[in-house]
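Structure first, then comments.
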Amino acid sequence: MEIKIPKNIKPNNNGLFPFLRKAWARICAFFKAALKGVSKPFKMLWKKLCENKGFYRFAYVTFPKWRKKIFSYAKERRLKIIIPAAACVLALAVLLIGTRKIAENSDYYTEGNDSVEFGMVLQNYSTFDHSEKTHIAVHLSWDDGAVDLTDGTAQARIKATVYPINLENSEITWESSDEEIAEIDDEGNITATNPGEVTLTANLEAYSKTSRASLAVRQPVSGIFLPTTTITLYTDGSGRLLEAQVFPENATNRNIIWESKNTKIARVDSSGHVKPVSVGMTEVTATTEDGEFQAKCFVNVVNPTVDVETVSVQNTADMQIKVGERINAIVTVSPSNAKNKTLTWSSDNEEVATVSQTGLIRGKSEGTANITVESVNGVKQTFSVEVAATDEKDPFDLNEDVPALVTEGKVTYTSYSTTFPQAIRIQMETGSATMWRTSGTTAATEAETAEYMNPNNYYTDAYKYQFLDLSSSNNVSEETLNAYLADKGVLKGMGAVFIEAAKEYNVSEVYLVAHACLESGNGTSQLATGVNVNGTTVYNVFGIGAYDSDAVGYGSKKAYSEGWTSVEQAIRGGAKWISENYINNSEHRQNTLYKMRWNPENPGEHQYATDVSWAVKQAVSIEKIFSAFGDAVLSFDVPVYSGQIPPTVSLE
């Protein structure tokens, strides 16, 4: 690479006056030779004119002795003044034109469209003797340049030209002020290997002349990383400093531009210090000045730490059930901004009644049991449940039509012993986190994984459906489901089947409908409409076992092995598989989309998908379906990692 400067640099000489003296001497010699041949006729003519007294006085004018008369004298004899002045202007014009012509014919170096600041007459005769008075200069093709390192190296070139051009010994040697930054060979070829600034010197040793140029070697930025991708700040706190890592470590320009997406929630200064403003969530972005690489940190601003003050079960008066019946305890935790709303449920007589950690109470035998709900900080309430006898033969047969007693949803916060940073590290070690991009599915970065894995990032509007408790009934009627399924292909009229399967396997009926519609293309996919395997037509409406490499092949084999030979069997069998393997699995209990994807109880294990955005995407799709059921009862189960402040999920 050759770097050019926009203008040639004026060599270090003694100035313009020696050149002008030589030019003026040539002009005078020219006019002297021209006038020599006409001097005699001119003298004769002048003598004749001077015989006239008026012309004589005009030609041989003398200034008076008094200054005050000079102006009036000049005014009266202005013609005598104008003529010499005009002659001087003419002589100056001739001088300038001659100078320009001489400069054009000089041997001063010019290249391309570069303009020369001035011209210099240099004797260029082969017999010219370069004495000590001869001006000798070394001119460089550039005096200030810069190169960027690529893969640890960069190339450039600089030229040196010696004036006069006919010097007997014009050999140039090059020297670098720091060869660890850049080396230069005898031809002016530069090899840069490290960032920094270096001075390149051209030496004309025979005449003790030098010329210098500076070169800046830059290392471009290749990326930026924020070790902390999520922070929680308190409104009365001083904030927190975010430390960004710019790559590579020897990058020349490591300046970072910090920006907050919503300055009404949190502000960030030029050093990365984030200061809370008001309750809410926003993003802080760090952008490199060089290359504009970005990294994000999600900032959750909450009120100061508040403990749970009261735990109140709203429907204690309704706690009379029969053997085999179920009822959800509707609980309110206050204040609403309490730090940790996680609740623990227990029964003092599980032979009479049991209670799940979501507050679902089941009657097992006749009698009375005391149910206790307790917060993490020890606030609790105890109430009694009366279980009456039933006339049914098998009170534990979940196939029986159990009345849906759920009338109001709730939000449950489930705590885990693993910290969020630990969960992220475990997830990244599995290597199973992927991200869909325009080029296809590739490994997700740690920042991308943390973004979707953090419960505090996606918990509002449709996103909260990733925390929807899929083990809770939504209390939606058969007629409502059938109205929705009217145009859903093979799923049309299957409302009763979905409700029966939901009750049998303790799964949300609306979720089963949503899952089937999403996986089967609204009941029209090849797997949903039937695939022939070994002479038997089988159905798979939930896409279970349908791996991407051959969805129809793998999905139909799964259906064949399970005996799903009708749409009804596919619905019931799929509901059973989802319940046993995820939603109501005794070991994992993955009853939300979030838990299916991330399994906070055992991070990195038994996960339903690899796409880091799977739960969020599914939540958006499911919310659209749930919006068709305005009377559906919704409950949410929000994960809380150790030391993490959970988001406040609204039932509205």
- Given a cut-off of 19 Å, name the pairs among 492/557; 503/576; 341/464; 410/464; 264/464; 322/503 whose C-alpha atoms lie farther apart than that in the structure shown. 492/557; 264/464
- How do 633-644, 217-228, 375-386 rank on mean C-beta neighbours within 10 Å, highest first? 633-644, 217-228, 375-386
- Item | Sites residue 49 and residue 96, calculated FRET efficiency, Cβ-Cβ separation with R0 35 Å, nearest 0.05 | 0.60
- Query: Once the piece of chain linking residue 307 and residue 425 is laid out straight, how much longer is it, given 0.36 nm per residue of separation minus the C-alpha distance between them?
  - Reply: 39.5 nm
- Under Karplus coefficients 6.51, -1.76 and 1.60, residue-wise ³J(HN,Hα) of the stretch 248-264 in Hz, glycine/proline x: x, 5, 9, 4, 5, 9, 9, 5, 10, 9, 9, 8, 9, 5, 9, 6, 7
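With a/c under 1.5 counting as rounded, go ahead and sort the stretch 481-622 into rounded, prolate or oblate using the C-alpha gyration tensor (a ≥ b ≥ c being the square roots of the eigenvalues; past the cut-off, prolate if a/b is larger than b/c, else oblate). Kindly include the intermediate steps, with their values, before the conclusion.
Details: a/c = 1.60, a/b = 1.31, b/c = 1.21.
Note, shape of the stretch 481-622 comes out prolate.
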- What residues qualify as long-range amide H neighbours of residue 277, i.e. H under 5 Å apart, gap of 5 or more or another chain, H built at 1.01 Å from N? 266, 267
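Using only alpha carbon positions, build the gyration tensor of the stretch 159-259, then give the equivalent ellipsoid semi-axes as the square roots of 5 times its eigenvalues, largest first, whole angstrom. Mind dumping the intermediate values first?
Values: eigenvalues 512, 28, 16 Å².
Ellipsoid semi-axes (Å, largest first): 51, 12, 9.
Rounded, prolate or oblate: which fits the stretch 256-352 when a ≥ b ≥ c are the square roots of the eigenvalues of the alpha-carbon gyration tensor, with rounded for a/c under 1.5 and prolate only if a/b beats b/c?
Details: a/c = 4.68, a/b = 3.16, b/c = 1.48.
The shape class here is prolate.
Under the classification rounded if a/c is under 1.5, otherwise prolate if a/b is larger than b/c and oblate if not, where does the stretch 183-222 fall, given a ≥ b ≥ c as square roots of the Cα gyration tensor eigenvalues? Let's see the in-between values first.
Values: a/c = 4.99, a/b = 2.49, b/c = 2.00.
Here the stretch 183-222 falls in the prolate category.
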- Charge tally in the Cβ shell below 11 Å around residue 283, where Lys, Arg are +1 and Asp, Glu are -1, residue 283 excluded: 0
- Over all directions, what mean area does the Cα convex hull of the stretch 533-616 project, stated in square nanometres? 5.9
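Quick one: putting +1 on the C-beta of Lys and Arg, -1 on the C-beta of Asp and Glu, what dipole do you get for the stretch 509-652 around its Cα centre, in Debye to the nearest 20? All intermediate terms of the calculation are to be shown ahead of the outcome.
Values: 9 positive and 15 negative charges, 38 e Å.
Roughly 180 debye for the stretch 509-652.
Each reported figure results from applying straightforward, stated rules to the coordinates on display, with no laboratory input. Just so you know, these numbers come straight off a predicted model, no measurement behind them. So basically every Cβ, Gly included, is an ideal-geometry build from the backbone, and we count neighbours across all protein chains shown.
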